[in-house]
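The values are calculated or read from the model by the stated rules, or taken from the named source; none is laboratory data. Computed from a predicted model, the values in this text were never measured in an experiment. Glycine gets a Cβ as well: all are built from the backbone with ideal geometry, and neighbour counts include every protein chain shown. Keep in mind that these areas ignore ligands, DNA and RNA; they rest on the heavy atoms of the full protein, side chains included. Shrake-Rupley method; radii C 1.70, N 1.55, O 1.52, S 1.80 Å.
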Amino acid sequence: MAESTGAIYTAAGANLAIAVAKFVGAALTGSTAMLAEGAHSVVDTANQILLLVGMKRAQKPADARHPFGYGREIYFYAFVVALMIFLGGGIFAIYEGAEKIMHPEPAADATVLGIRLSGFWVNVAILGFAILAEGYSCLVAVRAFRAETGGRSPITAIRRSKDPSLFTILVEDVAALIGLVLAMAGVVAAHLLDRPALDGWASVGIGLVLVGMAIFLMIETHGLLIGEAADPEVVAAIDTVVRAEPGVRHVNEVLTQHLGPRDILVNVSLDMADDLDAGAVEAAVSRLDRALKAANPEVTRVFIEIQAQTASAGARAAA
């Protein structure tokens, strides 16, 4: 969690500085792509604040109203972040781009402290600064993500990650870099070809990238929000520990669910040997509870159901 917190603070600081620079550039030159990028950076900064709020609220202890704790708060806030990227970033950029395409105007020159500056070079300088700052933020996010996920491919790691605070920052930073490259391409093409409408097309492209990234994040966080099982490796390890317990005749079912990024609920249905008395069964259940929690610190709650194999199969078929 420390890695994701550091990545969020880095991203928030970079985006705030970038947003100020972009809005200054948009005000001085009238660039729509720059305005869209400024709005994108503001949304990103607000998103990082929301993720920090979600992480803080997820640490609240369980109470009578929420006996399993508040771990899923981070999933809710991550979904809100995806929605904000879609509406506050993507749709705004597409709208502003369409306006510029219909009413194209060349980038205006800027006057700073009585010095007249080319609007084109002002935009290029600001975008260059933004690319450097966003690149550093992205590098921090990539390092934090690799530290959490090991050697898995990025897509596989994101699909299997249970910590949206980390992969949301990574996806945001990648989208921001792509958007900056599109903005730079639009500004340069509009200047070299003397076609201001290209600046608007760049804004539309930025909006489409943000919408695509937002939909991807919505899909990933939606799955976590409604409840996802632990990784197959974790489930397999649980099954192995349970089968090693003397007296277990059959493992009927192993159900897991993430109540938070590092909070796994385990429900196991077992068929125990018929010759065990109640005391022996109780001792076996206690041993399994301790063994499962010791094998994986993320397993915080274990519920073991003693049920005949035939009865368990019938219940699953009825369900």
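Roughly how much of HIS222 is accessible, in Å² to the nearest 10, using a 1.4 Å probe?
90
For the stretch 13-74 and the stretch 143-202, what is the separation of their C-alpha centers, rounded to whole Å?
Using only Cα atoms, the two centres lie 16 Å from each other.
Grab the Cα-Cα distance for VAL24 and LEU139, subtract it from 0.36 nm times how many residues apart they are, and report the gain in nm with one decimal.
In short, 38.8 nm is gained.
For LEU270, list long-range residues whose amide hydrogen, built 1.01 Å from N in the peptide plane, is under 5 Å from its own amide hydrogen.
For LEU270, the qualifying residues are ASN252, GLU305, ILE306, GLN307.
For the stretch 1-226, what's the relative contact order in percent, using C-alpha pairs closer than 8 Å and at least 6 residues apart?
Contact order relative to length: 31 percent.
Sorting TYR136, TYR70, TYR75 by accessible area (1.4 Å probe), largest first, what list results?
Order by accessible area, largest first: TYR136, TYR70, TYR75.
Quick one: ranking GLU233, GLU228 by accessible area, 1.4 Å probe, largest first, what do you get?
Solvent-accessible surface, decreasing: GLU233, GLU228.
Assuming a ≥ b ≥ c are the square roots of the Cα gyration tensor eigenvalues, decide whether the stretch 232-317 counts as rounded (a/c under 1.5), prolate (otherwise, with a/b larger than b/c) or oblate.
Oblate shape, in that a/c is at least 1.5 and b/c is the bigger or equal ratio.
Compute the distance from the alpha-carbon center of the stretch 86-100 to that of the stretch 213-273, in whole Å.
First find each Cα centre; the distance between them is then 41 Å.
Identify all lysines with a Cα-Cα distance to LYS100 below 19 Å; exclude those on the same chain that are fewer than 8 residues away in sequence.
In chain and number order, the partners are LYS22.
Could you give the angle, 0 to 90 degrees to the nearest 10, between helix 164-192's Cα long axis and the longest principal axis of the Cα atoms of the chain?
The angle comes out near 20 degrees.
Which trypsin sites (Lys or Arg not before Pro) in the stretch 14-85 pass both tests, a DSSP loop state and at most 15 other beta-carbon atoms within 10 Å?
Passing sites in the stretch 14-85 are ARG65.
Before anything else, pin down the relative contact order of the stretch 232-317: Cα pairs under 8 Å, at least 6 apart, normalised by residue count, whole percent.
In percent, rounded to a whole number, it is 31.
Excluding residues fewer than 8 places away in the same chain, name every one of the lysines whose C-alpha is closer than 22 Å to that of LYS60.
Partners found: LYS162, LYS293.
Pull up all non-local amide H partners of LEU259: gap of 5 or more, or a different chain, and H-to-H distance under 5 Å with H placed in the peptide plane.
The answer is ILE264, LEU265.
In the stretch 1-77, with Lys and Arg counted as +1 and Asp and Glu as -1 at Cβ, which of these residues, GLY25, ASN47, ALA64, has the Cα nearest the positive end of the dipole, that is, farthest along it?
It is ALA64, whose Cα lies furthest towards the positive end.
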